[in-house]
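Trainee: After the structure tokens below, expect a handful of questions from me.
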Amino acid sequence: MNPHEPNSWEARADAHSFYGFTDLPTINDRGTIVLTHGKGPYVYDVHGRQYLDGNSGLWNMFAGFDHKGLAEAAKAQYDRFPGYHAFFGRMSDQTVMLSEKLVEVSPFERGKVFYTNSGSEANDTMVKMLWFLAGNEGKPARRKILTRVNGYHGVTAVSASMTGKPYNSVFGLPLDGFIHLTCPHYWRYGTDGETEAEFTARLAQELEDTIASEGADTIAGFFAEPVMGAGGVIPPSAGYFAAIQPILKKHGIPLIADEVITGFGRTGEVWGCQTYDFMPDAIISSKNLTGGYFPMGAVILGPDLTDRMQAAADAIEEFPHGFTASGHPVGCAVALKAIDVAMNEGLIENVKALTPLFEEGLARLSQKANIGEWRGKGLMGALEAVQDKDTKQPFDASLSVSERIANACTDQGLICRPLGQAIVLCPAFILTPLQMEEMFDKLETAIDGVFAEVG
Ligand SMILES: *Cc1c(COP(=O)(O)O)cnc(C)c1O
């Protein structure tokens with residue numbers, strides 16, 4: 001099991017695979033974990049070790065790692081029609097059915113869907129749609145994109161520019177015209193003596209001021225995750241969407257809900273915008289869309305953007321955009337099944353049923369001396385490590401506290417994710433109460449061990 005032994009799986013991974021979003025010192029110490037298969041919410045490595053995946057893959061494998069129905073849907077479609085595109089006036093029957101289904105389950109009374117291979121491409125596509133509209137509607141200056149600090153929207157040049165994380169500076173990003181507003185995280189960004197309502201009002205005022213100083217006619221759209229995911233699981237401050245939506249509406253700025261994580265039940269409702277009671281102009285979907293069984297993303301346009309996009313495309317007789325695998329028949333068949341599984345096999349009900357237990361576990365661990373706060377919604381949650389609970393002072397970054405906790409979890413047979421100084425949990429919707437208990441017990445052991453060293 002020495003990861004540095006030549007010809008070990010770990011050394012072979014190292015030799016020829018270039019890692020993305022991976023803490024390289026951890027890899028150098030421990031080797032990569034090479035996985036062979038999964039069962040329910042568990043995955044197994046080449047040495048036969050079992051891990052409870054507390055992140056359901058990358059937020060997406062909500063039905064677990066061996067859902068028969070999803071695998072069967074893919075196999076059946078591979079036998080029937082294994083691939084096709086959606087260009088030149090052709091598309092598969094599965095694509096037709098998935099678009100109908102997505103509009104039906106969306107919060108929109110009507111709409112249209114455009115497919116991509118990933119969430120990043122779906123956000124890119126949405127931005128290009130807004131730019132396409134700007135040109136067509138005689139407002140070519142309307143190109144700026146508003147997002148929030150700590151928002152995560154993907155990694156392509158445009159979606160990385162939307163992402164409000166400092167690591168993108170190594171690429172010379174963001175591109176011009178991508179504006180990041182304050183993160184709606186009251187615990188971290190609220191000022192001394194400021195109530196949560198005052199904090200929300202300050203963010204709404206910042207939006208108003210930004211629109212005034214930039215010029216409403218230069219802004220193409222505002223993108224927001226209902227709950228920020230890869231920024232550290234950050235639910236909005238109380239009243240946030242109720243405060244910003246009317247401002248955007250007043251200035252004619254579309255509100256795009258990036259529901260790549262929150263879509264299909266993660267927060268306990270089908271959509272995060274339903275959990276937070278706002279109506280976006282379009283929805284970006286991916287991840288749970290196929291339960292992680294096929295790469296796919298989708299832009300779901302609400303009525304107004306549908307009509308405007310149709311008019312703009314009609315004007316030049318084409319929307320010149322698309323990916324070779326847009327609307328892939330296997331992906332569409334898998335997505336149709338995944339939506340059915342999420343909505344009709346009791347999985348979203350299970351999210352609702354498990355949420356109190358999940359919150360109880362997070363709240364229990366937040367009693368630890370070096371956990372500053374727990375936060376979450378539905379089955380996405382985080383524990384924020386701090387050096388000092390009263391001042392919220394973070395640990396020195398060189399201590400790599402969250403990485404150490406995640407590594408200690410791995411030793412316990414639990415996969416969870418370090419994000420900044422937070423530990424993130426985002427389990428599959430099929431979890432049982434017993435597995436929930438296993439998750440928190442293992443995490444507690446890991447946390448206690450690491451805080452005994454650094455606390
Ligand atoms: C993961 C994610 C994306 C990017 O999706 P990819 O499929 O990784 O390109 C975009 N937005 C949100 C909110 C995400 O969580």
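The values are calculated or read from the model by the stated rules, or taken from the named source; none is laboratory data. Everything numeric here is computed off the predicted structure, so don't read it as measured data. Cβ coordinates were reconstructed from backbone atoms using ideal geometry, including for glycine residues, and neighbour counts include every protein chain displayed. Just so you know, the surface numbers come from the protein's heavy atoms only, side chains and all, with ligands and any DNA or RNA stripped out. Shrake-Rupley method; radii C 1.70, N 1.55, O 1.52, S 1.80 Å.
Trainee: Collect the residues in the range 81-92 that are in contact (Cβ under 8 Å) with a residue 12 or more places away in the chain and open to solvent by 20 Å² or more (accessible area, probe 1.4 Å), keeping them in residue-number order.
Mentor: Result: Phe81, Pro82, Gly83, Tyr84, His85, Ala86, Phe87, Met91.
Trainee: I would also like to ask the following. Considering Pro303, Pro280, which residue is within 16 Å of the ligand (Cβ to nearest atom) and either among the small types (Gly, Ala, Ser) or modelled with pLDDT of 95 or more (or both)?
Mentor: Matching residue, one of Pro303, Pro280: Pro280.
Trainee: Further, regarding this structure: Could you list, in sequence order, the residues of the range 329-357 that are more than 30 Å from Asp93 (Cβ to Cβ), surrounded by 19 or more Cβ atoms within 10 Å (Cβ to Cβ) and under 19 Å from the mean Cα position of the chain (by Cα)?
Mentor: Once the filter is applied, which keeps residues that are more than 30 Å from Asp93 (Cβ to Cβ), surrounded by 19 or more Cβ atoms within 10 Å (Cβ to Cβ) and under 19 Å from the mean Cα position of the chain (by Cα), the range 329-357 yields only Val351.
Trainee: Moving to a separate point now. Being away from the ligand (no atom under 16 Å from the Cβ) and not aliphatic (A, V, I, L, M) is the filter here, so list the residues in the range 127-160 that pass it.
Mentor: Hits for the range 127-160 are Trp131, Phe132, Gly135, Asn136, Glu137, Gly138, Lys139, Pro140, Arg142, Arg143, Lys144.
Trainee: Another question, then. Only residues that are under 22 Å from Glu384 (Cβ atoms), in a helix (DSSP H, G or I), in contact (Cβ under 8 Å) with a residue 12 or more places away in the chain and not hydroxyl-bearing (Ser, Thr, Tyr): list them for the range 153-187, please.
Mentor: Trp187
Trainee: Separate question: Among the numbered criteria (1) assigned to a helix (DSSP H, G or I); (2) touching a helix residue (DSSP H, G or I) at 6+ places or on another chain (Cβ under 7 Å), which single criterion is violated by Val270?
Mentor: Here Val270 clears every test but (1).
Trainee: May I pose another question? Tell me which residues, restricted to the range 278-313, are of a type in the set (Gly, Ala, Ser) and assigned to a strand (DSSP E or B). Working first, answer last.
Mentor: Narrowing the range 278-313 to residues of a type in the set (Gly, Ala, Ser): 282, 285-286, 291-292, 297-298, 302, 311-313.
Those that are of a type in the set (Gly, Ala, Ser) and assigned to a strand (DSSP E or B): Ala282, Ser285, Gly297, Ala298.
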